[in-house]
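Reading through the structure tokens given below for one structure.
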Amino acid sequence: MARSRAHPYMPNSVPAVRRQLLASLGIDSVEALFSQIPDDHRLKKPLQLPPALTSESELRRHMSDLLSKNRSCEDALSFLGGGCWHHHVPAICDEIVQRSEFLTPVWGTPSSDLGRNQAWFEFTSQMGELLGMDLVALPVYSWGCAAGHAIRMAARITGRSKVLVPQLLDPERSAVIRNYCEPAEMSSHIEIVEVDCDPDSLLLDLEDLKGKLNDEIAAVYFENPGYLGQIEHQAEAIAAAAKACGAETIAGVDPISLGILKPPGQYGADLAVGSIQPLGIHMNCGGGLGGFIASRDEPLYAYEYPALMVSIAETTHGEHGFGLALAHQSSYGMREEGKDWTGNSTYQWAIAAAAYMALLGPAGFRELGELIIQRAHYCASLLDGIDGIRVLAKRGFFKEFVVNFDDTGQRVADINAALLRRDVFGGIDLSETFPELGRSALYCVTEQHTQADIQRLADTLAEVLRT
Amino acid sequence: MSVQLRRYHAAVWDEPVVMEMGVRGRRGCHFPAAEADVAAAAGSAEALVPPSMRRPSGPELPEMSEPDVLRHYLHLSQQTLGMMGISLFGTCTMKYNPRLTESLAARPWIADLHPGQDPSTLQGALEIAHNLNELLCELSGMDQFTFQPAGGADAAYAHACLTRAYHAGRGELEQRNQIITSIQAHPCNPATSAAAGFEVVTLMLEPDGYPSLDALKAAVSERTAALMINNPDDMGIYNPNIREWIRVVHDAGGLCFYDHANFNGVMSKVRARELGFDACMFMLHKTFGVAKGGGGPAVGAYGCTAELARYLPGPIVRKAGDRFDLVDDSPVSIGRVREYWGNVHQLAKAYAWTRAMGAEGIAEASDMSVLINNYMERELLKIRGITRSHPDIGSWRMEMTRFSLGQLYEDTGVSVMDVQNRMVDFGVDAFWLSHEPWVVPQPFTPEAGEMWSKEDVDYWIAVLQQISDEAYSNPEIVKTAPHNQAIHKLGPESLDEPGRWAMTWRAYKKKQT
């Protein structure tokens, strides 16, 4: 098949080059090269694909036409969160991850990958400072996947097969965790037991937790802040109760809160997991996710990590280098005998997060945390003052809180539709996920929301509820 | 062939670890203080945090100014070879990553979308996913794809989960607890099978390069849940009995999954569905032009037949009239393998790549990748110390060939890792060796695909020729390589020792004292 002009992505599509390659093999058609494939395996007709857009100008126009049908959180005023958040992304993070050197590599040598490996080590090192933990692996696909792996690690460490999780858990994350714990038919099934949450504080019911803890429990998984935004101030008691039963404590944390919230390493968590998306990574409609797993630096934990781990190392000439530690225990090294599995993950985002943490520093994280928690509480108090609206658990949250609309007589879906017509993306509808909370929505406020934005939300909600 | 080797040298910045940088009080980024009304109404931030949960002291992060952070990471980027030179990393199909789609995906219309937005505000993203689904269905013959799996291994895991759901639905899950694969299948196939709770049955290779049909027949039983296999394998050998294999597994009641990791050589030539497979997986970060990113974010696009579609993880994009929607209503869905519906920015890039190539371009890319591989094989086998796997198989290989430096190692003591380290001295990034277990000694697996010019491939070959010459004349120069990189090779100390490894700076500091 000869084309009239060479394809811009394919340097050898010049007819003369192709002929030269064929001639060097002593053949006159590529067809001969496919002789391994039996004739009855071959597709007999050309693929039916739309015409090629080989010119960048045409392709750009086509893609722009499609993309312009979207309305982003920059076009509208969004209060969506719950597992993916509209935080500010410093321009430097975008610049760095789009560098061709970081964008294109796959896997080189410790020397040729030096810069990238160092950036990865700077990701884990800075995460370690935020979390107060000494062992941090390269990220996995998402928070849910990190939680799933951490639970499986705990099951292997303890030789037990039950895990306690909060009843109020993100349905997306919860679905991933259920998947990782396997159905009951499988011999390696991990049974998930829900722990009640207090209906007023939305925090874990400590008595129920203690009642369900016993020597069959591999781990207690809880989140701080919880899915509904509340800061779990009983963290230390939860970890102590788990420890007393020989269970591991796994804390799911939002790293952007750690400028002002106590790190999991300081309240007894054995393992910490969470999302790296808040750290300088755009939401990308969910494509910005990445999950971290961290723990104490003890062989007991290190030997169970499925994720790749980068260690600082020394070269033959005493320079700093970076290499994989314990690579043999991964699925690359041991196939089905390896720890769960690993593969391409979200490593590009680790570099964005490294740059983000270096930009913020301790003062930036503190300022950011303070700003978010103040604006979130301001927003909650403003909304709570609107007729028919009630904020559940009015204090003690970080950036998200539950807004209840029971007294308005309106459904959250209808309220959100009315907000949308006014260019506001209302909070996540919880009515079906947690019917016990009534007609409620999860609102998220970040550093992106100014006082004026929050006022606009309150005014718009008031208007919507009047009509 | 006369090629002038480049006088390449990596950038040497002697860049400190970021944890050693900065000066107390420097700032790289400010946030505003809360507005006066906000602060007055909300109270102090400290008072808003329950006392037991207040951070007692700040994290020990570097304190740097904004330009210093930028320059630090620019320096690190310059100390990363990536595709600045030539990278023929086999099994990963190095492709051009069009800058157009990178810039498009960075726009707010992709970058700043929240997955929970009302579908009416996501019509462009959903249309792209819908269109990409149709393109992949045409390329595979499958009926429905999901883009939720965040990599090839995650797609394999999705298949293992779907296999569970399929057999559970028939009441046979407890009985069907085995997944069959081959020793040449990517490790993610056995690993995800085991992680999903299955026993793994691994078939070994026969002299013709793939396991025998008889071995498969002996392995299948009423316990067989699925077959997970790639074809061709990483040695460039195509299993001509694959139709019979699928028949045998189907007759035994198992599902058949086609790991299309090596799709580049067969795209437009075969279709998974017509070979009889129930499901397949494409890696959009390999075959479809999406950037590797050093290891993701990736997409393992998993497609299956209409019969199996009800088990797919949700949500799935559906078209209704002129509108696109997200549907998640199947009661037998496997739920989620990851939150939300995929790395959407990567879908946009893969869709744009496929549109830029078209049917003709895709067929041509497959032709070119097989043509250039056989050209490269011929030239490489002329170099002293290089052999290939299965030398007696006379046919042309597909888009890859598994080579061995066993002879070179025996003759000179220069290992395949030494050669990797020496190649980077010429601006050529590491080749892929082989997945475990190695079936030939000192293996390596280059793959040129359609993006590297004949001149690039000739340069790559010339570099290997040079290193072979060096190995036979002055092996020390290879064994002590690299010499033109920012750092030398890692020392012999094992990073598997608890007292030695340090995955964070804080661990490193503790272990130093």
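The values are calculated or read from the model by the stated rules, or taken from the named source; none is laboratory data. As the structure is a computational prediction, the values presented were derived from the model and not from experiment. A quick note on method: Cβ atoms are made from the backbone with ideal geometry, for glycine too, and the neighbour counts reach across all protein chains shown.
Mind checking which residues of the range A:325-349 are more than 7 Å from chain B (Cβ to nearest Cβ) and under 24 Å from B:LYS489 (Cα atoms)?
Once the filter is applied, which keeps residues that are more than 7 Å from chain B (Cβ to nearest Cβ) and under 24 Å from B:LYS489 (Cα atoms), the range A:325-349 yields A:ALA327, A:HIS328, A:GLN329, A:SER330.
Looking for something more than 7 Å from chain B (Cβ to nearest Cβ), within 22 Å of B:GLY342 (Cα to Cα) and either among the charged types (D, E, K, R) or assigned to a helix (DSSP H, G or I) (or both) - is there at least one such residue anywhere in the range A:44-61?
no
Are any residues in the range B:229-245 within 11 Å of another protein chain (Cβ to nearest Cβ) and out of contact with any Pro (no Cβ under 7 Å at 6 or more places or on another chain), and if so, which ones?
Start the filter on the range B:229-245 by keeping residues that are within 11 Å of another protein chain (Cβ to nearest Cβ), which leaves B:231-232, B:236-244.
Of everything in the range B:229-245, those that are within 11 Å of another protein chain (Cβ to nearest Cβ) and out of contact with any Pro (no Cβ under 7 Å at 6 or more places or on another chain) turn out to be B:ASN231, B:PRO232, B:GLY236, B:ILE237, B:ASN239, B:ASN241, B:ILE242, B:ARG243, B:GLU244.
Quick one: is A:THR316 at the interface with chain B (Cβ under 7 Å from one of its Cβ atoms), without any contact (Cβ under 8 Å) to a residue 24 or more places away in the chain and of a type in the set (Val, Ile, Thr)? Show your work before the answer.
Working: at the interface with chain B (Cβ under 7 Å from one of its Cβ atoms): yes; without any contact (Cβ under 8 Å) to a residue 24 or more places away in the chain: yes; of a type in the set (Val, Ile, Thr): yes.
The answer is yes for A:THR316.
Suppose we keep only residues that are at the interface with chain A (Cβ under 10 Å from one of its Cβ atoms) and in a loop (DSSP other than H, G, I, E, B) within the range B:148-170. Which one would you say is nearest to B:SER330 (Cα to Cα)? Give the steps one after another, and end with the answer.
Residues of the range B:148-170 that are at the interface with chain A (Cβ under 10 Å from one of its Cβ atoms), as a first pass: B:148-158, B:160-161, B:164-165, B:167-168.
This time we only want the ones that are in a loop (DSSP other than H, G, I, E, B), so: B:148-151.
Numbers: B:GLN148: 16, B:PRO149: 18, B:ALA150: 21, B:GLY151: 23 Å.
Looking at the filtered set, the residue picked out is B:GLN148.
Any idea how many residues of the range A:414-442 are part of a strand (DSSP E or B) and either within 12 Å of chain B (Cβ to nearest Cβ) or over 21 Å from A:PHE397 (Cβ atoms) (or both)?
Number satisfying all stated conditions: 6.
Test A:VAL106 against the stated conditions and say whether it is without any contact (Cβ under 8 Å) to a residue 24 or more places away in the chain, β-branched (Val, Ile, Thr) and not assigned by TED's automatic domain parsing to the domain that holds A:ALA417. Steps first, please.
Details: without any contact (Cβ under 8 Å) to a residue 24 or more places away in the chain: yes; β-branched (Val, Ile, Thr): yes; not assigned by TED's automatic domain parsing to the domain that holds A:ALA417: yes.
The answer is yes for A:VAL106.
Enumerate the pairs (first residue in the range A:283-295 and closer than 11 Å to A:HIS149 by Cβ; second residue anywhere and buried (at least 24 other Cβ atoms within 10 Å of the Cβ) and of a type in the set (S, T, N, Q)) with beta-carbon separation below 8 Å, excluding pairs fewer than 6 apart on the same chain, so at least 6 apart or on different chains.
Close Cβ pairs (under 8 Å, with a partner that is buried (at least 24 other Cβ atoms within 10 Å of the Cβ) and of a type in the set (S, T, N, Q)) amount to A:GLY291/A:SER142; A:GLY291/A:SER275; A:GLY291/A:THR346; A:PHE292/A:SER275.
Could you check how many residues of the range B:57-68 are within 7 Å of chain A (Cβ to nearest Cβ) and over 37 Å from the mean Cα position of the chain (by Cα)?
1
Can you name the residue in the range B:313-368 that is β-branched (Val, Ile, Thr) and surrounded by 21 or more Cβ atoms within 10 Å (Cβ to Cβ) and is also farthest from the other protein chains (Cβ to nearest Cβ) among such residues?
Checking each candidate, the answer is B:ILE316.
As an exercise: evaluate B:SER395 against (1) closer than 30 Å to A:MET10 by Cβ; (2) in contact (Cβ under 8 Å) with a residue 12 or more places away in the chain and give the number of the one condition it does not meet.
Checking B:SER395 against (1) closer than 30 Å to A:MET10 by Cβ; (2) in contact (Cβ under 8 Å) with a residue 12 or more places away in the chain, the one that fails is (2).
Just to be sure, is A:ALA175 in contact with an Asp or Glu (Cβ under 9 Å, 6 or more places away or on another chain) and either facing another protein chain (nearest Cβ under 7 Å) or assigned to a helix (DSSP H, G or I) (or both)?
It is true that A:ALA175 is in contact with an Asp or Glu (Cβ under 9 Å, 6 or more places away or on another chain) and either facing another protein chain (nearest Cβ under 7 Å) or assigned to a helix (DSSP H, G or I) (or both).
Just to be sure, is A:GLU122 among the acidic types (Asp, Glu) and surrounded by fewer than 24 Cβ atoms within 10 Å (Cβ to Cβ)? Break it down stepwise before answering.
On the way: among the acidic types (Asp, Glu): yes; surrounded by fewer than 24 Cβ atoms within 10 Å (Cβ to Cβ): no.
So A:GLU122 does not fit the description; no.
Would you point out the residue of the range B:245-280, among those that are touching a residue at least 40 places away in the same chain (Cβ under 8 Å) and among the β-branched types (Val, Ile, Thr), that is farthest from B:SER221 (Cα to Cα)?
B:VAL266
Give, as residue ranges, the helices (runs of 4 or more DSSP H) completely inside the range A:74-169 that count at least 2 residues that are of a type in the set (D, E, K, R).
Values: elements: A:91-97, A:100-103, A:114-131, A:143-158.
In the range A:74-169, the matching helices (runs of 4 or more DSSP H) lie at A:91-97, A:114-131, A:143-158.
Which residue is surrounded by the most Cβ atoms within 10 Å (Cβ to Cβ), if the candidates are limited to the range B:151-198 and must be of a type in the set (D, E, K, R) and touching a residue at least 24 places away in the same chain (Cβ under 8 Å)? Before you say what the answer is, go through the steps one by one.
Our first condition is that a residue be of a type in the set (D, E, K, R); within the range B:151-198, this holds for B:154, B:164, B:170, B:172, B:174, B:176.
With the extra rule that they be touching a residue at least 24 places away in the same chain (Cβ under 8 Å), the set shrinks to B:154, B:164, B:172, B:176.
On the way: B:ASP154: 29, B:ARG164: 25, B:GLU172: 16, B:ARG176: 25.
My answer is B:ASP154.
Of the conditions (1) at positive phi; (2) more than 7 Å from chain A (Cβ to nearest Cβ); (3) crowded, with 21+ Cβ neighbours inside 10 Å, B:LYS95 fails just one. Which one is it?
Every condition holds for B:LYS95 apart from (1).
Conditions (1) away from every other protein chain (no Cβ under 13 Å); (2) surrounded by 22 or more Cβ atoms within 10 Å (Cβ to Cβ); (3) polar (S, T, N, Q), marked per residue:
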position: A:LEU203; (1), (2), (3): no, yes, no
position: A:LYS210; (1), (2), (3): yes, no, no
position: A:TYR221; (1), (2), (3): yes, yes, no
position: A:PRO255; (1), (2), (3): no, yes, no
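If B:TYR73 satisfies every condition in (1) within 22 Å of A:ILE373 (Cβ to Cβ); (2) buried (at least 20 other Cβ atoms within 10 Å of the Cβ); (3) of a type in the set (Phe, Trp, Tyr) but one, which is the exception?
(1)
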